[in-house]
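The values are calculated or read from the model by the stated rules, or taken from the named source; none is laboratory data. Keep in mind that what you see is a predicted model, and the values were worked out from it rather than measured. Note: ideal-geometry Cβ built from the backbone for every residue, glycine included; neighbour counts use all protein chains shown. To get the accessible areas, we keep the full protein, side chains included, count just its heavy atoms, and leave off ligands, DNA and RNA. Shrake-Rupley method; radii C 1.70, N 1.55, O 1.52, S 1.80 Å.
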Amino acid sequence: MNTNFRIGFGYDVHAFAENRKLILGGIEIPYEKGLLGHSDADVLLHAICDALLGAFALGDIGKHFPDTDPKYKGADSTVLLKEVYAMITDQGYELANCDSTLVLEKPKLLDHIDSIREKIAELLDCSIDQISVKATTSEKMGFAGRGEGVAAYSTVLVQRK
Ligand code: MG
């Protein structure tokens, strides 16, 4: 590949369910519900995985970690993200920066954002100022606005090492 920079975009959504832990960005957030999924349903890390895969046109998270494979039942998404990032570093690239937005009505994430950023920086072996995580509501409109689930959008820029 001849370019010094590649960009990628990722999107994911998971529905809230009872009796599940809420895991966002590898951090457990105290809340009455969690997200439903074959893995731990970490919607933010899934969006970041898709953004990293997208930067190299490597397909999507479903292609690499199919939800029909029992191996990934209850999978820790921090492990999936590390595997995806290894695909990028193996090609001689590293993360320049990553910017993400979570869309959810509740819970409020203000007190957790920096812990999430720190965790992602640790997983991607970079500094916290390379990782941005934002949260917004959907103004009570749509599935996120009705509190039925969470959406995550993520963009990454990767650069040649
Ligand atoms: Mg997902």
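Label points 7 Å out from Cα along the Cβ direction at LYS21 and LYS63: separation in nm?
3.1 nm
Going by amide H atoms built from the backbone, whose H comes under 5 Å of the H on GLY26, apart from near neighbours?
Under 5 Å from the amide H of GLY26 lie the amide H atoms of LEU45, each far enough along the sequence or on another chain.
Given R₀ = 45 Å, what would the calculated FRET efficiency be for ASN2 paired with GLU148, taking r from the Cβ atoms and rounding to 0.05?
0.50
For the chain, set up a Gaussian network in which alpha carbons nearer than 10 Å are linked by springs, and say which option among LEU123, LEU81, LEU110 fluctuates the most.
Between LEU123, LEU81, LEU110, it is LEU110 that shows the largest mean-square fluctuation.
Check ALA135: other-chain or 5+ apart residues with amide H under 5 Å from its amide H, H built from backbone geometry?
Counting only residues 5 or more places away or on other chains, the set is LEU102.
Hey, any idea what % of the chain's accessible area is carbon plus sulfur with a 1.4 Å probe? Mind dumping the intermediate values first?
Details: 4150 of 8200 Å².
That share works out to 51 percent.
Using per-residue counts of other Cβ atoms within 10 Å, averaged over each peptide, order 141-150, 68-77 from highest down.
Ranking the peptides 141-150, 68-77 by packing returns 141-150, 68-77.
Per residue, how much accessible surface does the chain expose to a 1.4 Å probe? Answer in Å², no decimals.
About 51 Å² of surface per residue is accessible.
Peptides 129-136, 22-29: what's the order by average Cβ count within 10 Å, highest mean first?
22-29, 129-136
When the chain is fully extended, how far beyond the present Cα-Cα distance does ALA86 get from LYS108, taking 0.36 nm per residue of separation?
4.7 nm
Tally Lys and Arg at +1 and Asp and Glu at -1 over the other residues with C-beta under 9 Å from the C-beta of VAL156: what net charge comes out?
Result for the neighbourhood of VAL156: 0.
Rounded to the nearest 20 Debye, what is the dipole magnitude of segment 5-160 about its Cα centre when Lys and Arg each give +1 and Asp and Glu each give -1 at the C-beta? Intermediate values should be presented prior to the final figure.
Numbers: 16 positive and 24 negative charges, 52 e Å.
Approximately 240 debye in magnitude.
Per residue of the chain, what 222 nm ellipticity follows from adding -39500 (n - 2.57) for every DSSP H run with n ≥ 4, rounded to the nearest 500?
About -8000 deg cm²/dmol.
Of VAL79, GLY145, GLY37, which is farthest along the charge dipole of the chain in the positive direction, counting Lys and Arg as +1 and Asp and Glu as -1 at C-beta?
Farthest towards the positive pole: GLY145.
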